[in-house]
Amino acid sequence: MMVHHSASTPPRVGDRPGIRRALIGFVLIFGTLLVLAPLLVIFSQAFSLGLGHFAETISHPDTRHAIYLTVATALLAVPINTAFGIAAAWAITKFDFWGKRFLLIVIEIPFSVSPIVAGVAYLFVYGLQGLFGPALQAADVKVLFALPGIVLASMFVTAPFVARELIPLMQAQGRELEEAATSLGASGWRTFLTVTLPNIRWALLYGVVLCNARVMGEFGAVSVVSGKIRGQTNTLPLHVELLYHDYNTVGAFAAASILTVLALFTIIAKVLLERQGAGRAGRPALAANKVGT
Amino acid sequence: MKIVLENVVKEFNTFRAVRGVSLEIGSGELVALLGPSGSGKTTILRMVAGLEFADQGAIYFGDEDATNIPVRERGVGFVFQHYALFPHMTVGENIAFGMKVSKKARSKQEITDRVNDLLRLVKLEGLNDRFPSQISGGQKQRVALARALAVDPKVLLLDEPFGALDANVRHDLRRWLREIHDELGITTLFVTHDQEEALDLADRVVILDQGAIVQEGTPEQVCREPNSAFVMKFLGDTNRIAATAVNGVVDLPGARLTAPGVVDGPVDILARPGDLSWSATGEGIPVSVIRVIDRPEGRRFLVRTENGETLELDVPVSTRAASGDRGFVQVLQGNAYPRS
């Protein structure tokens, strides 16, 4: 039964009508001004000179290359970081070993380090004056100012995303399920595929989605290692900046709108995944509706 | 399959969880490892399963040295305290898991038939398509047992099998597990901290304390001849009465107990609540009643002696007393242990 608030029931803590209205109003106005309005401006500006101009900007070779580079970077960096994230989460939650806490801290470092620092660091490791620079040049391998450098910098920045989603969940799940599977005769690989993975899949997908969003949007680290060569090493975020500096406002907004659409897809995917119960066991909750059939 | 543990030692970091345990479990026997938390009972079970490895000593399955055989090849059925059912699989899929991953190829039909047989054995026909989150704790435990039995284990190992269930379900499942054991005749080792469960279910009880075996024997042996104050206290409610032994005899007010083999000096008399009797007048230890507790199976008095010690004694339900009443307690029977 619903209990209705009447004049005689005292409000719960922090639930007085005045405070409530003021707080909700403040958050709504602030959110609109800060987040929603600028996003709307992007689209209105992108289409301000008509659909034709928008299409022209998008189909410009430099923009197309930037889109290609961004997608290629994501296709390389996200799977590698996903594998790393699963391995790290597995190692930390299922094994006891010396240096476990240290590993946890290492995984978290990219969260607290400014991406530009990562970019500069890579510059010194792989640059011509850097550690491996001369050797790489001798072998004619281009890392900096090329796709490998962009992928490496993106990977550094997004290294924690998958592991961070998985570790709390896998810690809560413990080792019993894996022990049960092994005691029933399953191999390690089989146990991972049939027992571990299905129980972490929503959290894993969630981590992958977040990782992907960050890889596609990464600006700081990539801007250092890519060299920002127009039409060659410019990713979408860099391309937006470049167009903007060219006083091509509409072009900048058009490119930005593509990034925004990519981001919106990510947000929608995230919301859908959360509904599926990311971080919880997925199938039973869904299947609960089937009882009695 | 007979299981033999030979002087098994297990350390975690520097903590000695199991210190030199030797044990023999006969083929087809149902044995309980009983002890308080931290006594090493679960560690022993996990070593028998191959989920932990012994630092020293050996474990034999029949004549085979199984000490270093990994759990996957050891052929044991393990039932976990919290069931460890795979939450994303149905009851039927859970039970079939071991057969599906086994090296021995089975046809789909074979697996389905076996799953149905096992569901019948654990009395869960019709729950094949449910998920673990949709069944009760007692049902989950039975599914866990069916899953463990599906791979035809040589040995069945259960870790606190009824620990997470409420009292009525526990009682029924105990009887039922005993029936299944008698039907299948599979060598079974289970861990519990509940003495009633161990005595109720097992052919033989192994009592552990701080990583070592304190006493082992049939329920009758450990109940009637507890070899230490620890075993006596652990197996049930106990009263402690301070006394002095002289020439193998302990004199108490209104009672004289023989204590053969006990060294002269201060001793503790340990007696069950049923081994004390009450009288309003006459001989005995003078006490005053603190509380009267009524239970389905009888009435219990909580009394205080003049030294301030509290005693509990079971009296016939017709015996009446109120808080503050004075009376006397006679010790009918008790075991004397040197005071520690």
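Every listed requirement among (1) within 14 Å of chain A (Cβ to nearest Cβ); (2) in contact (Cβ under 8 Å) with a residue 12 or more places away in the chain; (3) at positive phi; (4) not basic (Lys, Arg) is met by residue B:38 save one, (1).
Among the residues in the range A:194-201, are any open to solvent by less than 20 Å² (accessible area, probe 1.4 Å) and either modelled with pLDDT under 90 or not assigned by TED's automatic domain parsing to the domain that holds residue A:126 (or both)? Within the range A:194-201 (the criterion being open to solvent by less than 20 Å² (accessible area, probe 1.4 Å) and either modelled with pLDDT under 90 or not assigned by TED's automatic domain parsing to the domain that holds residue A:126 (or both)), the answer is no, since none of the residues qualifies.
Within the range B:313-325, the presence of at least one residue that is in contact with a helix residue (DSSP H, G or I) (Cβ under 8 Å, 6 or more places away or on another chain) and among the hydrophobic types (A, V, I, L, M, F, W, C) is confirmed.
Of the residues B:151, B:169, which single one is more than 15 Å from the chain's Cα centre (by Cα), free of Cβ contacts under 8 Å to residues at least 40 places away in the same chain and open to solvent by less than 60 Å² (accessible area, probe 1.4 Å)? Walk me through how you get there before you give the answer.
On the way: B:151 fails: free of Cβ contacts under 8 Å to residues at least 40 places away in the same chain.
Unique residue meeting the criteria: B:169.
Residue under question is residue B:194, and the condition is that it be in contact with a Lys or Arg (Cβ under 9 Å, 6 or more places away or on another chain), under 24 Å from residue A:199 (Cβ atoms) and either within 14 Å of chain A (Cβ to nearest Cβ) or charged (D, E, K, R) (or both); does it hold?
No, not satisfied.
When the range A:202-225 is filtered for residues that are at pLDDT 90 or above and either of a type in the set (S, T, N, Q) or farther than 30 Å from residue A:69 by Cβ (or both), the ones remaining, listed by number, are A:212, A:223. Those helices (runs of 4 or more DSSP H) of the range A:58-165 in which at least 1 residues are closer than 30 Å to residue B:52 by Cβ, considering only elements entirely within it, cover A:61-94, A:100-112. Among residues that are part of a strand (DSSP E or B), open to solvent by 10 Å² or more (accessible area, probe 1.4 Å) and assigned by TED's automatic domain parsing to the domain that holds residue B:56, residue B:214 is included.
Taking residues in the range A:205-230 that are open to solvent by less than 10 Å² (accessible area, probe 1.4 Å), and partners anywhere that are assigned to a loop (DSSP other than H, G, I, E, B), the pairs with Cβ atoms closer than 6 Å and at least 6 places apart or on different chains are A:222/A:235; A:225/A:144; A:226/A:233. Per this entry, residue B:246 is counted among residues that are open to solvent by 30 Å² or more (accessible area, probe 1.4 Å) and hydrophobic (A, V, I, L, M, F, W, C). If you filter the range A:180-189 down to residues that are exposed (fewer than 15 other Cβ atoms within 10 Å of the Cβ) and assigned to a helix (DSSP H, G or I), you find that the one that is farthest from the other protein chains (Cβ to nearest Cβ) is A:189.
One line per residue, one yes/no per condition, for (1) free of Cβ contacts under 8 Å to residues at least 40 places away in the same chain; (2) open to solvent by less than 50 Å² (accessible area, probe 1.4 Å); (3) in contact with an Asp or Glu (Cβ under 7 Å, 6 or more places away or on another chain):
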| site | (1), (2), (3) |
| --- | --- |
| B:174 | yes, yes, yes |
| B:177 | yes, yes, no |
| B:181 | no, yes, no |
| B:208 | no, yes, no |
| B:226 | no, yes, no |
| B:256 | yes, no, no |
| B:267 | no, yes, no |
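Residue B:78: within 14 Å of another protein chain (Cβ to nearest Cβ) and open to solvent by less than 30 Å² (accessible area, probe 1.4 Å), yes or no? Answer is yes for this residue.
Considering the range B:24-143, the qualifying helices (runs of 4 or more DSSP H), each wholly inside and each with 3 or more residues that are under 25 Å from the mean Cα position of the chain (by Cα) and closer than 30 Å to residue B:206 by Cα, run over B:41-49.
The values are calculated or read from the model by the stated rules, or taken from the named source; none is laboratory data. Only a predicted model underlies this, so the values are computations on that prediction, with no experimental measurement involved. Counting neighbours? That spans all protein chains shown, and the Cβs are built from the backbone with ideal geometry, glycine included. Remember, those area values only see protein heavy atoms, side chains included, never the ligands or the DNA or RNA. Shrake-Rupley method; radii C 1.70, N 1.55, O 1.52, S 1.80 Å.
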